[in-house]
Structures are given as C-alpha cells and as structure tokens.
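Notes for the one structure printed next.
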Amino acid sequence: MKILFTLLVVFLTVISGVCEESLIPVEEFYISVNTNDFMNRPHGRKGLSVSVGVLRGKEDPQGQTITDINCFEFPAGKRMFLKEDIKVFYEAADAAKMGKVYLKEIDTQIFMGIEKTIFKSIHMDGEWVVMVSRLGKDAVFSANEGDSLKKALHQAKLGQAWFKLLLNSEKLPKETPTAKPPLSNGYYLSSKIGEVSGRGISYAVSVSARGRGRNRAPNYNITHELSYSGAHGKMGTSSGQWVSGLLAEITIALEAIKKGKAYSHKSQGYSVKANLKTKEADVTWYLGVFFKGETPKKGHFGVEELNEIRTLIKSYDVKKKWFEEHEHWFYTKPKKDK
C-alpha cells in the first residue's frame, strides 16, 4: 500500500507539471477509435474501416490527430483509401443503389508507390454491389456501404476536432455540435510508461488496451517491448510474453553475479549470460528470428537498469487507472437500440 501511495504521489507530481501545457498528463500515447463496426456486414463481408486517432510523443510534444480509412481485404501497407478513392467509391455505391453499371480506374498513392484501384458496380448473386480491386484482390461491398461510410466519416470528423481541443486545452473543453468524442464501442490504446537503455538494446514498458466489442469494456494489459537502434535511430521493436521472459532471465543472471556464480541461458530468440567481470547480464537478441536477414544485437543490463525497469512496471496500475477513468474523453458508447 505504501508503494502504491508513493507511486501515486510521483504520478500526480508529473501530472501537475505536464498540465501546465496539456490537459492529458501523459508524454507518449497513441489512441485510435473505430467509428464503424466494419466487421459485421451482410453475407460475411467486411466494410471499410474508419478510425480517428490522437497521438503524442517525445519528438512531437504538440501531438497530432489523424483519420484513417482502410480496406482490410487488401495487403498490409496497401489498404488505404484516400480522398479520391472515397469520392469514386461514393459514385460506385450510388450507381449500385440505382441498379446501374459503373466502372472507373484511378491511381492510389500507397506506401512506397502508386497502385491502380478499380471501382465498379455490378449485379452479383441477385443484388447490386460495389467491387473494389487492387493488386489482384477484390473487395465486395453492399450498395449501402456508401451511406455507412458517410456516417463513419462524420463521426471521425467530430472526433478529430475534439481530439485537437484535448491536445491544446488546459481544461476539459465543452462538447459542441462539431467537436465531441466519437461514437464507438471501445478504443485501442498504447502509452509508453518509460524506457531503459541497455547500451544497444532498450527495454520499454507500456499500458495497452483494446476494445472488446459491443457493450464490453476495453481490455487493459501491461506490454513489455524490446527495441534496438542503429546508425539512423531506432530500427525495430518486438513485444510479447517472451520479452518479460527475457527480463526474468536477466534477474536470475544478476542474482548469480551477486553470489559470484556463472549463469547462462539460451532460447530461440535470445540468450543471457552473467558477466562476472562487468557485473552485468549480457543479452544477445537474435534478430533474425523476428526480422529476416538481421544480425544479432547485444545489450547489457546491470542492477541499476533492472531496478529502473521494475519501477516502470510498478507504475503500470496508476497509469492504467488514469486511462480507465478518462475513457469518456476519447469515445462515447452508442445508446442501446430499444
């Protein structure tokens, strides 16, 4: 209880300092809110995913907002729908509702290049639908998907305006007809509590949450993440249960060093060895297991680094509680249908 109280005092001290500049007392976070239930469509189809996000980082203390529209029938990195895609999609959907043929091809600027996107309205299986094709993949949508997209984008517009107010206000702003938390059943959250350098490898601890569906609260978790850096800054990250397993091995190695004993452990993704000379746990991260073609990376963690990581872990409950208590700032649950 004493530890929790101390952490709360520290966290509140941080809040008082950050609040002089921002309403949200968190230095690094990313929140994304889906404004449509794109998974539940007739005939097992998926809709276009619309999400509105707000983020802030050490390199971007002012923060920013963004709206993303994606088609998950297409490959990763090539799913985006941009302004022209949306315009043509509306035209195809309107044609499908009227039972008319429509066909148009445009160039879409995706990551690392341009791809052709074909929009058409066709009669298929007894109904008029919209078919969108890219990279040899076809996505089929109901004719009313255009109306659904307009509603989702309206909510995203409200949310983006609201998030800008949150980023630039010292007090909670009032909701307006043009700026308010978007309607959604939950949100995705990732907020870094802190990061500890191991000279070549860094260990980070974060609060994460993911919406769990209709009428269910987001599921919060503590996330352990390992990252490595190169000549041009951070080059790759990996998270999961294996990272906390690595921390357990570092702890064992440092305990062995304290007793003057040798210790080594090797798994598929990493190895840990007690260095009796430097009094550190030497870590080798076999990057090739996670990033094809990458050579192993080495890091070194001593007692000081281990204690810093433990302090971050202990801070999780307090930070999680803040986000739980302020979920209503970031989304509003739709009212149940009567």
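What follows draws every value from the coordinates through simple rules; no lab data is involved. Computed from a prediction, not measured in an experiment: that's the story for all the values here. Glycine gets a Cβ as well: all are built from the backbone with ideal geometry, and neighbour counts include every protein chain shown.
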query: What number, rounded to the nearest 500 deg cm²/dmol, is the helix-based mean residue ellipticity at 222 nm of the chain, given -39500 (n - 2.57) per DSSP H run of at least four residues and division by all its residues?
result: -9500 deg cm²/dmol
- request: Please give the length that would be gained between K137 and M124 if that part of the chain were fully extended, namely 0.36 nm times their separation in residues minus their C-alpha to C-alpha distance (nm, one decimal).
  value: 3.0 nm
message: Can you compute the FRET efficiency between F72 and K259 using 1/(1 + (r/R0)^6), with r the Cβ-Cβ distance and R0 = 51 Å? Round to the nearest 0.05.
response: 0.45
message: Students often forget the sequence filter, so: which lysines lie under 23 Å Cα-Cα from K292 once same-chain residues fewer than 8 apart are removed?
response: K78, K234, K266
task: Quick one, could you list the DSSP H helices from the chain stretching 20 Å or more along their long axis (Cα atoms) with average Kyte-Doolittle hydropathy of -0.5 or above?
output: 2-18, 145-168, 241-258
- request: Evaluate the distance, in nm, between pseudo-label points positioned 7 Å from the Cα of S267 and of M98 along their respective Cα→Cβ axes.
  value: 6.1
- request: Pop the C-beta distance of Y188 and H43 into the FRET formula with R0 = 30 Å and round what comes out to the nearest 0.05.
  value: 0.65
- prompt: What is the spin-label model distance, in nm, from E294 to S244 if the labels are put 7 Å beyond Cα along the C-beta direction?
  reply: 2.2
field: Candidate aspartates and glutamates for bridging to K46, where Cα separation is under 20 Å - those fewer than 8 sequence places away on the same chain excluded
entry: D37, D68, E73, D85, E91, D94, D125, E127, D138, E145, D147
- line: Computed for the chain: size of charge dipole around the Cα centre, +1 on C-beta of each Lys and Arg, -1 on C-beta of each Asp and Glu, debye to nearest 20, value 660
Filter on K87/K116; K277/K314; K58/K83; K258/K320; K273/K298 - keep pairs with C-alpha separation over 23 Å: K277/K314; K58/K83; K258/K320
Order of Y30, Y187 - criterion: other Cβ atoms within 10 Å of each residue's Cβ, fewest first: Y30, Y187
query: Along the charge dipole of the chain, Cβ charges K/R +1 and D/E -1, which of S121, I31, Y187 sits furthest on the positive end?
result: Y187
- prompt: How large is the convex hull of the Cα atoms of the chain per residue, expressed in Å³ as a whole number?
  reply: 179
field: Per-residue Cβ neighbour rank within 10 angstrom, fewest leading, R41, R79
entry: R41, R79
Residue pairs, from the table K164/K335; K150/K174; K120/K333; K150/K192; K261/K319, whose Cα atoms sit over 32 Å apart: K120/K333; K150/K192; K261/K319
